[in-house]
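To start, the structure itself, in structure tokens.
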Number of protein chains: 2
Amino acid sequence: MSSFQERLIHSMQKNNSLVCVGLDIDEEKIPPFLFESSQDPFVEFTTSIIDETKDLVCAYKPNLAFYEALGSEGDRILRKTIARIPKDIIVILDGKRNDIGNTAKKYAQALFEELHGDAATVNPYLGIDGVKPFLDYSDKCSFLLCRTSNPSARDFQDLQINNEALYIKVAKTIKKWEEFGCCGLVAGATYPEELRTLRKLMGDNSPFLIPGIGKQGGDVEKTVKYGTNEDGELAVINSSRNIIYASTGEDFAEAACKETTWLRDIINKYR
Amino acid sequence: MSSFQERLIHSMQKNNSLVCVGLDIDEEKIPPFLFESSQDPFVEFTTSIIDETKDLVCAYKPNLAFYEALGSEGDRILRKTIARIPKDIIVILDGKRNDIGNTAKKYAQALFEELHGDAATVNPYLGIDGVKPFLDYSDKCSFLLCRTSNPSARDFQDLQINNEALYIKVAKTIKKWEEFGCCGLVAGATYPEELRTLRKLMGDNSPFLIPGIGKQGGDVEKTVKYGTNEDGELAVINSSRNIIYASTGEDFAEAACKETTWLRDIINKYR
């Protein structure tokens, strides 16, 4: 078991939680009053949510697209956000990066060294030489896109290769890449049967990042039963919009806390 | 033909060139003297190269990983670099972005609105709903990864689906996506037979972004013969390291100019 897996289990046990809060800041959705009352509305938004939920989660997942869409300011907001996350909670930088080897090395450097992420999401389409530079960071984890949560995941991921879907081939290949470093899997809660198959295939030491509950419609009970390992652990269950936009009033952080508590508890009920 | 395709053809005709210069800034490779002589070494590096080569190329391709690896400074350097590129030369932002729909929309906003790219590279693994937000920008182009230039492209892209490789299935699907907007294809020069197949399949209106000549070993003659359309156009042939690191002395920009001229001319010989 890698040091990342140990740290993830530690954060899950410390807060008795598999919940990951996705920090997808969106200027059209964050509480409008913040733009009037705050000098730094986005940072106040993310840090308030972190402060209210940090004892209820195992991880936070800043979604880089939302920060990049804010231009240079987004970079500052992202760094302030990451800095607020307690050291014993996992930071998953969700950028779905990928490129050929010498470029992938730079992305890994950006995410793991510049931004101090504990883990990153990585697209596997380019094969091992685009993934290995991420895996070379032995204390980090790369969550590889396998079965994504969106409707058109089927476009390519379901293509049949000798009676096996592409996403299964991808998972089997990722299983082999474990010799190079810590490989996690992204498997959407919106496809519970696929999630079950993938957990069986990957075994009990593989960290899963599971998006798709909440707004995207994934079922919590199935997600927990099919996504966790035999100890009811190593499934990082992400919710973004349902939690962080639970209220757009002045009680937004308390509402996020309440929603996180509810999700943590219902997940724990099924573990 | 989209306005992007017209602009690309215009830039190709204006400079009689299919060359794209890849701006992969790397602190270990840029001329060391710049760190002593310049207040702003990276910007001086990229802008000097742009100034010397701008009449010899159809496009520039900043590779976002290299800027992100420099942290907040990288964002400033990227913006200064893009600002120096003449308006009638195409800017391809190479980030290989991809995500589910609502997130992909933010990436498209970041690349096309915040950074003013004319085109972007996009990974297709998530299917159409992760790609459509890019295609919704009707005057822009999304170059979709199809056959990448790296050795392990084969890991997944060669998997056989009913006797057809995955990259062919990807290309056929991209062909259908043309109804939503301007789809280009990334097809590596390192796989010339695949390149030929893809040009036949996509037809003469499809812009190709072709990396992999130079350091990666792709053959120029085959790249030109197989990658261009019937008019000898719409193939954007990228070279990065061979051009921008042609010299690490004070003559780096002149050396880049010389290398670009050589490449432009040899490409034109085969058109």
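Restrict the check to the range A:228-238 and report whether at least one residue is surrounded by fewer than 21 Cβ atoms within 10 Å (Cβ to Cβ), more than 27 Å from A:D26 (Cα to Cα), in contact with a Phe, Trp or Tyr (Cβ under 8 Å, 6 or more places away or on another chain) and not basic (K, R). No: the range A:228-238 contains no residue that is surrounded by fewer than 21 Cβ atoms within 10 Å (Cβ to Cβ), more than 27 Å from A:D26 (Cα to Cα), in contact with a Phe, Trp or Tyr (Cβ under 8 Å, 6 or more places away or on another chain) and not basic (K, R).
Consider A:I128 carefully, then state whether it is within 17 Å of the chain's Cα centre (by Cα) and not small (G, A, S). No.
Against the test of being surrounded by fewer than 24 Cβ atoms within 10 Å (Cβ to Cβ) and touching a Cys at 6+ places or on another chain (Cβ under 6 Å), the options A:W262, A:W177 yield a single qualifying residue, A:W177.
Counting only residues that are more than 7 Å from chain B (Cβ to nearest Cβ) and under 24 Å from A:F4 (Cβ atoms), the range A:56-79 holds 11 of them.
Out of curiosity, is A:L126 under 14 Å from A:F4 (Cβ atoms), out of contact with any Pro (no Cβ under 9 Å at 6 or more places or on another chain) and not polar (S, T, N, Q)? Considered against the rule, which asks whether it is under 14 Å from A:F4 (Cβ atoms), out of contact with any Pro (no Cβ under 9 Å at 6 or more places or on another chain) and not polar (S, T, N, Q), A:L126 comes out as no. In this structure, B:G184 does not qualify as on the phi > 0 side of the Ramachandran plot, touching a residue at least 24 places away in the same chain (Cβ under 8 Å) and within 20 Å of the chain's Cα centre (by Cα). Listed by position, the helices (runs of 4 or more DSSP H) inside the range A:36-124 whose residues that are closer than 22 Å to B:G71 by Cβ and among the polar types (S, T, N, Q) number at least 2 are A:41-53, A:72-84, A:101-108.
Of all the residues in the range B:117-157, those that are within 7 Å of chain A (Cβ to nearest Cβ), farther than 12 Å from A:L126 by Cα and buried (at least 22 other Cβ atoms within 10 Å of the Cβ) number 3.
Here B:E27 fulfils each of the conditions (1) surrounded by fewer than 24 Cβ atoms within 10 Å (Cβ to Cβ); (2) at pLDDT 95 or above; (3) within 11 Å of chain A (Cβ to nearest Cβ) apart from (2). Looking only at residues in the range A:46-61 that are surrounded by fewer than 24 Cβ atoms within 10 Å (Cβ to Cβ) and touching a residue at least 60 places away in the same chain (Cβ under 8 Å), the one that is nearest to A:G74 (Cα to Cα) is A:S48. Are any of the residues in the range A:1-13 in contact (Cβ under 8 Å) with a residue 40 or more places away in the chain, assigned to a loop (DSSP other than H, G, I, E, B) and more than 24 Å from B:A110 (Cα to Cα)? Within the range A:1-13, one or more residues are in contact (Cβ under 8 Å) with a residue 40 or more places away in the chain, assigned to a loop (DSSP other than H, G, I, E, B) and more than 24 Å from B:A110 (Cα to Cα). Residues that are of a type in the set (A, V, I, L, M, F, W, C) and farther than 14 Å from A:E68 by Cβ within the range B:125-149 comprise B:L126, B:I128, B:V131, B:L135, B:C141, B:F143, B:L144, B:L145, B:C146, listed in sequence order.
Looking at the range B:202-222, which of the residues that are over 30 Å from B:V43 (Cβ atoms), assigned to a helix (DSSP H, G or I) and of a type outside the set (D, E, K, R) is nearest to the other protein chains (Cβ to nearest Cβ)? Applying the filter and picking the extreme gives B:M202. Across the range A:223-271, the number of residues qualifying as over 18 Å from the mean Cα position of the chain (by Cα), free of Cβ contacts under 8 Å to residues at least 60 places away in the same chain and part of a helix (DSSP H, G or I) comes to 8. If you go through the range A:101-116 one residue at a time, how many are crowded, with 24+ Cβ neighbours inside 10 Å, facing chain B (nearest Cβ under 7 Å) and not small (G, A, S)? The total comes to 3.
Taken as a whole, the condition of being in a strand (DSSP E or B) and not small (G, A, S) applies to A:L185. Looking at A:I168, A:I82, A:I161, just one residue is over 22 Å from B:D94 (Cα atoms), at the interface with chain B (Cβ under 7 Å from one of its Cβ atoms) and surrounded by fewer than 21 Cβ atoms within 10 Å (Cβ to Cβ), and that residue is A:I161.
The set of residues from the range A:155-176 being free of Cβ contacts under 8 Å to residues at least 24 places away in the same chain and under 21 Å from the mean Cα position of the chain (by Cα) comprises just one member, A:Q157. Anything in the range A:85-96 that is of a type outside the set (D, E) and either more than 8 Å from chain B (Cβ to nearest Cβ) or surrounded by fewer than 24 Cβ atoms within 10 Å (Cβ to Cβ) (or both)? List them, or say none. Those that are of a type outside the set (D, E) and either more than 8 Å from chain B (Cβ to nearest Cβ) or surrounded by fewer than 24 Cβ atoms within 10 Å (Cβ to Cβ) (or both): A:I85, A:P86, A:K87, A:I89, A:I90, A:V91, A:I92, A:L93, A:G95. Selection over the range A:142-174 of residues that are of a type in the set (A, V, I, L, M) and part of a helix (DSSP H, G or I) gives a count of 6.
The values are calculated or read from the model by the stated rules, or taken from the named source; none is laboratory data. Quick caveat, the model's predicted, so the values are computed rather than measured. Note: ideal-geometry Cβ built from the backbone for every residue, glycine included; neighbour counts use all protein chains shown.
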